[in-house]
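The values are calculated or read from the model by the stated rules, or taken from the named source; none is laboratory data. Note that the structure is a prediction, hence the values are computed from the model and not measured. Here Cβ is always computed from backbone atoms with ideal geometry, including for glycine, and neighbour counts include all displayed protein chains.
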Amino acid sequence: MKPAAAKRKYGKRIYLLNFVLFIIPVTYFGYRPFFRYCASIVIVDEPFEKSDAIVALAGGEPGRAWGAADLYNRRLADYVIVTRDQVKPEEADLLQRGIELVDGRGNYIRVLRGLGVPNDKIVSVEKPADDTISEIRQIRNLCLERNWRSLIIVTANYHTRRARMAARYVLGPDFKFSVTASPHGGLNSQDWWRTRGDVRTFLIEFEKLVAYTFYIGPRILARDVWKSRSDTSRSSISLASPNSYWTWSFCSTS
């Protein structure tokens, strides 16, 4: 083998060895920050302020009602809204047989009462919801009836980003809202990949978030663009109207 060819072969081996020695520690020490960053894809936590009502989104996890009770006890709202899940066929059959079941809403109410929320401050949406979008639509109707315009929406941390997207889609610019994660329960964002249940929760929620992004995202974008154009058109009409300041000034000086 010629010296030049041997030198090139030796250089490639050294390069490969250096790459392996570099990639091993990066992989070992870097996968944790990467997976923690992945958790932020589904988790969002917004700042909030005193509002008309607190919403504990349905889902069956008592931690959501617990988080709502914490905010109520901090006097951040005067009411807590709870909703109902859709009744499953087997549950309906058991109810017809006279077997009393405690649904997710019933558990939420028990948690809220146990943590100091008075019964007359718990407002229940009676119509069952199929998903987060229909749930927030029913919340919107309730708020319109009571003339509430600001909400703090509490849910499990892994559900926050999708809930915010649904709230933005349904509530739009007519309501002021913030979505916050309950500190009780939810996904362990620091080590979620170590637990089979958390991995399953993350993957399912990520799949739903992608579906919401493709379904809701274009509609929100189209609405925002349309609203922006409408506002621009109104501004142009306002400046050109006989009652505008500029028209009045021009006529008065002629």
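How about the stretch 77-88: which of its residues are closer than 19 Å to residue 133 by Cβ and surrounded by 19 or more Cβ atoms within 10 Å (Cβ to Cβ)? Step through it out loud before you land on a result.
From the stretch 77-88, those closer than 19 Å to residue 133 by Cβ are 81-87; that's our starting set.
Of everything in the stretch 77-88, those that are closer than 19 Å to residue 133 by Cβ and surrounded by 19 or more Cβ atoms within 10 Å (Cβ to Cβ) turn out to be 81, 82, 83, 84.
Among the listed residues 106, 30, 60, identify the single one that is at pLDDT below 95, among the small types (Gly, Ala, Ser) and farther than 23 Å from residue 198 by Cα. Break it down stepwise before answering.
On the way: 30 fails: farther than 23 Å from residue 198 by Cα; 60 fails: farther than 23 Å from residue 198 by Cα.
The match here is 106.
Run residue 144 past the list (1) surrounded by 13 or more Cβ atoms within 10 Å (Cβ to Cβ); (2) free of Cβ contacts under 8 Å to residues at least 12 places away in the same chain and report the number of the one that doesn't hold.
Residue 144 satisfies all of (1) surrounded by 13 or more Cβ atoms within 10 Å (Cβ to Cβ); (2) free of Cβ contacts under 8 Å to residues at least 12 places away in the same chain except (1).
More than 25 Å from residue 126 (Cβ to Cβ) and in contact with a helix residue (DSSP H, G or I) (Cβ under 6 Å, 6 or more places away or on another chain): does that describe residue 217? Working first, answer last.
Details: more than 25 Å from residue 126 (Cβ to Cβ): yes; in contact with a helix residue (DSSP H, G or I) (Cβ under 6 Å, 6 or more places away or on another chain): no.
So residue 217 does not fit the description; no.
List the helices (runs of 4 or more DSSP H) inside the stretch 94-185, counting only whole elements, that have at least 2 residues being more than 30 Å from residue 223 (Cα to Cα) and touching a Pro at 6+ places or on another chain (Cβ under 7 Å).
On the way: elements: 104-114, 132-146, 160-171.
Here the list reads 104-114.
Provide a single number: the residues in the stretch 125-155 that are at pLDDT 95 or above and hydroxyl-bearing (Ser, Thr, Tyr).
2
Out of the residues in the stretch 54-76 meeting the condition of being outside any helix (DSSP H, G or I) and in contact with a helix residue (DSSP H, G or I) (Cβ under 7 Å, 6 or more places away or on another chain), tell me which one is surrounded by the fewest Cβ atoms within 10 Å (Cβ to Cβ). Steps first, answer last, please.
Step one: filter the stretch 54-76 for residues outside any helix (DSSP H, G or I), giving 54-61, 74-76.
Next cut, in contact with a helix residue (DSSP H, G or I) (Cβ under 7 Å, 6 or more places away or on another chain) only: 54-60.
Values: 54: 29, 55: 30, 56: 32, 57: 28, 58: 24, 59: 20, 60: 12.
Here the residue is 60.
Cβ-Cβ distance below 8 Å, separation of 6 or more or different chains: which pairs start in the stretch 151-176 with a residue that is surrounded by 24 or more Cβ atoms within 10 Å (Cβ to Cβ) and end on one that is charged (D, E, K, R) and part of a strand (DSSP E or B)?
Going by the 8 Å Cβ cut-off, the qualifying pairs are 151/176.
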